[in-house]
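Report on the following structure.
The values are calculated or read from the model by the stated rules, or taken from the named source; none is laboratory data. These numbers come from a predicted model, not from an experiment. Cβ coordinates were reconstructed from backbone atoms using ideal geometry, including for glycine residues, and neighbour counts include every protein chain displayed. Surface accessibility is based on the protein's heavy atoms, side chains included, excluding ligands, DNA and RNA. Shrake-Rupley method; radii C 1.70, N 1.55, O 1.52, S 1.80 Å.
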Amino acid sequence: MQAAIDEAREGMKDNHGGPFGAIIVKDGKVVSRAHNKVLITNDPTAHAEVLAIRQASEVLENFDLSDCEIYTSSQPCPMCLAAIYWARIKKVYFGTNKEDVAAIGFDDSLFYKFIREEDENALEMLNIDRKECLELLREWDEKSDKKMY
């Protein structure tokens, strides 16, 4: 999780996007790492999880990442969750939750109105290191040069 936090902090510091980072691991080794790049690319889909999946698929030369795990500094939004499902990743470790990020302006509640809750058997979601990931949200909230999107 610390690698995902570090990745998020790097992107946040450089004003690439919000306080979000993700890494993908296969057999205990980091395959990819990414942070949110929505602002630097003007791409609303440039979330950390999506970018990490793209990178891992390229590195592994495979769209099927079912033998990988993903660590994200925050609970994946609906778009990222869909990408995780499509990549066949079966285990997600996340730090902060959707309520935590909504409190600093990243409110996905509109999207959740249009989707059903995920099938608990389809994907293992493990909330870990929330305290450390909340620190990222605090830093973002206090960032004087942040740009909301």
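Numbers for the structure displayed
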{"quantity": "Angle between the chain longest axis and helix 2-13 axis [Cα atoms, degrees, rounded to 10]", "calculated": "40"}
{"quantity": "Surrounding net charge for I40, when Lys and Arg each add one and Asp and Glu each subtract one, Cβ distance under 13 Å", "calculated": "0"}
{"quantity": "Computed lengthening from D145 to E10, 0.36 nm per intervening residue step minus Cα-Cα distance", "calculated": "47.1 nm"}
{"quantity": "Nearest 10 degrees, 0 to 90: helix 130-142 Cα axis against the chain principal axis", "calculated": "40"}
{"quantity": "GNM top mover of I104, I53, I70 - the chain, alpha-carbon springs below 10 Å", "calculated": "I104"}
{"quantity": "Summed residue charge, Cβ within 11 Å of I104's Cβ, Lys/Arg positive, Asp/Glu negative", "calculated": "-3"}
{"quantity": "Listed pairs K29/K131; K91/K146; K90/K113; K37/K98 exceeding 28 Å between Cα atoms", "calculated": "K91/K146"}
{"quantity": "Folded to 0 to 90 degrees: helix 48-60 orientation relative to the chain principal axis, Cα", "calculated": "30"}
{"quantity": "Mean accessible surface per residue for the chain, computed with a 1.4 Å probe while every protein chain stays in place, in Å²", "calculated": "55"}
{"quantity": "Within the accessible area of the stretch 1-103 (1.4 Å probe), percent carbon and sulfur", "calculated": "51"}
{"quantity": "Sparse-neighbour loop sites [trypsin sites (Lys or Arg not before Pro); the stretch 52-149; at most 11 other C-beta within 10 Å; DSSP]", "calculated": "R116, K147"}
{"quantity": "Inter-label distance for D107 and E58, nm, one decimal - labels placed 7 Å from Cα along Cα-to-Cβ", "calculated": "3.6"}
{"quantity": "Proportion of all alpha-carbon pairs of the chain beyond 26 Å (%)", "calculated": "17"}
{"quantity": "Residues listed by number, the stretch 12-47, amide nitrogen under 15 Å from F114 label point at 7 Å toward C-beta", "calculated": "44-45"}
{"quantity": "GNM flexibility winner over the chain from I115, I89, I128 (Cα, springs under 10 Å)", "calculated": "I115"}
{"quantity": "Nearest-0.05 FRET efficiency for M125 and K29, computed from C-beta distance (R0 30 Å)", "calculated": "0.85"}
